[in-house]
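The values are calculated or read from the model by the stated rules, or taken from the named source; none is laboratory data. Keep in mind that this is a model prediction, so the values were computed, not measured. Virtual Cβ from ideal backbone geometry, glycine too; neighbours counted across all protein chains shown. Ligands, DNA and RNA are excluded from the accessible area calculation, which covers all protein heavy atoms including side chains. Shrake-Rupley method; radii C 1.70, N 1.55, O 1.52, S 1.80 Å.
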Number of protein chains: 2
Amino acid sequence: MTKERVCIIGSGNWGSAVGKIVGENVLKHKDIFEAEVRQWVFEENYKGEKLTEMINRERENPKYLPGIKFTPNIKAVPDLIEASRDATVVVFVLPHQFVRGVCEKMKDHISPKAKAISLIKGLEIKPEGVTLFSEEISRKLGINVAALSGANIADEVAKERFCETTIGSRSEQDGQLFFKLFNTDYFKVNVIRDYVGVELCGALKNVVAVGAGISDGLGYGSNTKAAIIRLGLMEMRKFGQTFFGTVEDTTFFESCGIADLITTCSGGRNRKVAEAFAKTRKPIDILEQEMLNGQKLQGTLTAQEVHQFLTARQMTREFPLFETVYRIIYENAPLESIVRDI
Amino acid sequence: MTKERVCIIGSGNWGSAVGKIVGENVLKHKDIFEAEVRQWVFEENYKGEKLTEMINRERENPKYLPGIKFTPNIKAVPDLIEASRDATVVVFVLPHQFVRGVCEKMKDHISPKAKAISLIKGLEIKPEGVTLFSEEISRKLGINVAALSGANIADEVAKERFCETTIGSRSEQDGQLFFKLFNTDYFKVNVIRDYVGVELCGALKNVVAVGAGISDGLGYGSNTKAAIIRLGLMEMRKFGQTFFGTVEDTTFFESCGIADLITTCSGGRNRKVAEAFAKTRKPIDILEQEMLNGQKLQGTLTAQEVHQFLTARQMTREFPLFETVYRIIYENAPLESIVRDI
């Protein structure tokens, strides 16, 4: 039996935390996996040196996850084609705006027998329809793609704090392989079939977190926040069941569902920036400058995309929380409508 | 059509918040309810005066919910029989240890056509079996009893902060009546059939909150806490489905399920005392003295009862979180087992 050769595409904060887990697990399962794991790292200069060279020498990513050591079998590679050559298992963990370009470059080099898993956060929601990144990758590369999502703040995972995660995989065989690649004592994997639900939760939760943050900014207390979280979960479920008939109720009981929603609505940048918005009424782009170094907030963008998608279907009224979040952020609706209109 | 005559049994913090809502709602639905609502108040001296007299003069309960005004149709009555005479709708909202005695006194006076609703927190779990208070009241009084539970911190409800609640009622007709009695703009009622699930959630959530508090005390962060909450929810569901086959998955999506669990695990005395326990390792009864004026903590008691119940059935292993909470609190198990053993 030929062993699986794993490649990781991406090396940010989450990609590095995942690199640590994958590096350890392939050594634990030497019968299944080749020891070497190539990790594609977008090359940049860091403190006067190439980032890939620093990673390979120091066994850590000093820019995105300082202080956390990788096993020596992780090899940072700046060239995408070289990193993914001969890979049979591809882990996608990069910002969603790079997915298309990366797949375009990889598509003539990847084996049709490879399997992939997407750890990419978000969805592409356009008025015409919703695209899951797992499906987008699958289409571009002609291979099966699973999805992983859960209550997984990268820094806590890297410190080996106990948590859970959910893998959605159409193929049971791939699901078992990914289980071996990711599961550890402190990072507990549940494998389910409903990859669509896994990905939807990971994107829509951020809209709910904006609502929870507005409630916090208004000082509404924990009954109200719990109600917003619950109503948000119900709209996530309705969105999935309306536009993707296959989404299962039980998916929302998984780590990718309620657990991630709880984490996102208690800590999390979406909640925090929305709280500041409610308190200061400064525009979101100003707050993004002040609080996120200009990075874009996911939850508000997703709220806008969901609004356009629902408007095209004349269904905004059936998702009052999503719609109210949109109207508060983009149409100057009163903050109080977060409870009045849902 | 004769109108419904409402009586409230109990007048603590939650009973007073509920008195405010019920008082307003019977006036809103004059076609259905008599205006006068009698509220049984356990008579005590407060600042040199009888509590019932103060309530009836000041239109508020100065001891348990100061500053919140009742409508004038709420009448505090110190005699239980007088309070419940001719009542056709009885709202039970008192500490669970008084339920038996109160029912004993009421049973010869209550109309067999009356309907009741239990807002009592907790269950009676003995090695022989689990008793729901709604069923206990139903048996003693020979009437139908529904249940109400949700993410409803009394002070926040009294201040009209938006929240939701769940009513579980076997009878759809009674469910609609209770909807009219409790639903307001700021206190949104969902009526479901699964009264068993509603009551189970209200008791078992406190065990989960003790687990969440231990995690907080250890400084484990939000991934871990979200995992404990999720695993706790799954054990609540398994407990319901194993010992009460009728409990529905969808009940856990209601306010009585995830929303109440979220509130209880973020604020809440069970979480707080458990956090202090993990930090100081002082025995629970000392912490009850120091933090709760000697009142008993619900979550630890319930954990012990659940343990005895499961032990009698040789099923402790199937509920690892409940069992680990028990062993940490009562058997000196290491705090870290809260993640290691679940």
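Select, from B:Lys188, B:Lys225, the only residue that is in contact with a helix residue (DSSP H, G or I) (Cβ under 9 Å, 6 or more places away or on another chain) and not assigned by the TED database to the domain that holds B:Leu27. Just one listed residue meets the conditions, B:Lys225. Would you say A:Asn206 is under 16 Å from A:Thr250 (Cα atoms) and open to solvent by 10 Å² or more (accessible area, probe 1.4 Å)? So A:Asn206 fails the test.
Checking B:Lys63, B:Lys20 one by one, the residue that is within 24 Å of the chain's Cα centre (by Cα) and open to solvent by less than 30 Å² (accessible area, probe 1.4 Å) is B:Lys20 and no other.
The residue that is farthest from the chain's Cα centre (by Cα), counting only those in region B:211-222 that are small (Gly, Ala, Ser) and either buried (at least 23 other Cβ atoms within 10 Å of the Cβ) or within 9 Å of chain A (Cβ to nearest Cβ) (or both), is B:Gly221.
In summary, A:Ile120 fulfils each of the numbered conditions (1) in contact with a Lys or Arg (Cβ under 9 Å, 6 or more places away or on another chain); (2) buried (at least 19 other Cβ atoms within 10 Å of the Cβ); (3) part of a loop (DSSP other than H, G, I, E, B) with the single exception of condition (1).
Scanning region A:81-105 for residues that are among the aliphatic types (A, V, I, L, M) and under 21 Å from the mean Cα position of the chain (by Cα) turns up A:Val89, A:Val90, A:Val91, A:Val93, A:Leu94, A:Val99, A:Val102. Taking the criterion of being under 16 Å from B:Val93 (Cβ atoms) and not in a loop (DSSP other than H, G, I, E, B), the residues of region B:123-143 that qualify are B:Phe133, B:Ser134, B:Glu136, B:Ile137, B:Leu141. Restrict the check to region A:74-93 and report whether at least one residue is within 21 Å of A:Glu305 (Cβ to Cβ), at pLDDT 95 or above and of a type outside the set (Asp, Glu). Within region A:74-93 (the criterion being within 21 Å of A:Glu305 (Cβ to Cβ), at pLDDT 95 or above and of a type outside the set (Asp, Glu)), the answer is yes, since at least one residue qualifies. Determine if region A:174-185 includes at least one residue that is more than 24 Å from B:Arg340 (Cα to Cα), touching a residue at least 12 places away in the same chain (Cβ under 8 Å) and aromatic (Phe, Trp, Tyr). No, there is no match, as no residue in region A:174-185 is more than 24 Å from B:Arg340 (Cα to Cα), touching a residue at least 12 places away in the same chain (Cβ under 8 Å) and aromatic (Phe, Trp, Tyr). None of B:Lys225, B:Lys238, B:Lys282, B:Lys296 is surrounded by fewer than 17 Cβ atoms within 10 Å (Cβ to Cβ), more than 7 Å from chain A (Cβ to nearest Cβ) and assigned to a helix (DSSP H, G or I) except B:Lys238. Would you check which residues across region B:99-122 are within 10 Å of B:Leu80 (Cβ to Cβ) and modelled with pLDDT under 95 and list them? Within region B:99-122, B:His109 is the sole residue that qualifies. Residues in region B:326-342 that are over 12 Å from B:Thr300 (Cα atoms) and either open to solvent by less than 40 Å² (accessible area, probe 1.4 Å) or not acidic (Asp, Glu) (or both): B:Asn332, B:Ala333, B:Pro334, B:Leu335, B:Ser337, B:Ile338, B:Val339, B:Arg340, B:Ile342. Flag: A:Ala274 matches the condition of being buried (at least 18 other Cβ atoms within 10 Å of the Cβ) and touching a residue at least 40 places away in the same chain (Cβ under 8 Å).
Just for region B:241-260: of the residues that are touching a strand residue (DSSP E or B) at 6+ places or on another chain (Cβ under 7 Å) and within 9 Å of chain A (Cβ to nearest Cβ), which one is farthest from A:Lys225 (Cα to Cα)? Checked region B:241-260; the qualifying residue farthest from A:Lys225 (Cα to Cα) is B:Glu254. Is region B:256-265 home to any residue that is in a helix (DSSP H, G or I) and more than 23 Å from B:Ala154 (Cβ to Cβ)? Within region B:256-265, none of the residues are in a helix (DSSP H, G or I) and more than 23 Å from B:Ala154 (Cβ to Cβ).
Which ones in region A:68-80 are farther than 23 Å from A:Lys28 by Cβ and more than 22 Å from the chain's Cα centre (by Cα)? Lay out the reasoning, then the answer.
So in region A:68-80, the residues farther than 23 Å from A:Lys28 by Cβ come out as A:78-80.
Across region A:68-80, the qualifying residues are A:Pro78, A:Asp79.
Considering (1) part of a helix (DSSP H, G or I); (2) open to solvent by less than 80 Å² (accessible area, probe 1.4 Å), the lone condition that A:Glu290 does not fulfil carries the number (2).
Consider region B:160-186 and keep the residues that are part of a loop (DSSP other than H, G, I, E, B) and in contact with a Phe, Trp or Tyr (Cβ under 9 Å, 6 or more places away or on another chain). The one that is surrounded by the fewest Cβ atoms within 10 Å (Cβ to Cβ) is B:Asp185. Only residues that are facing another protein chain (nearest Cβ under 8 Å) and open to solvent by 60 Å² or more (accessible area, probe 1.4 Å) were counted in region B:144-158, giving 1. B:Lys115 falls short of the stated requirement of being assigned by the TED database to the domain that holds B:His29, charged (D, E, K, R) and more than 19 Å from the chain's Cα centre (by Cα). Please determine whether any residue of region A:126-143 is within 14 Å of chain B (Cβ to nearest Cβ), under 26 Å from A:Leu297 (Cα atoms), without any contact (Cβ under 8 Å) to a residue 12 or more places away in the chain and open to solvent by 10 Å² or more (accessible area, probe 1.4 Å). The answer is no; no qualifying residue exists. In this structure, does B:Asn190 turn out to be in contact with a Lys or Arg (Cβ under 7 Å, 6 or more places away or on another chain) and either more than 14 Å from chain A (Cβ to nearest Cβ) or open to solvent by 10 Å² or more (accessible area, probe 1.4 Å) (or both)? Answer is no for this residue.
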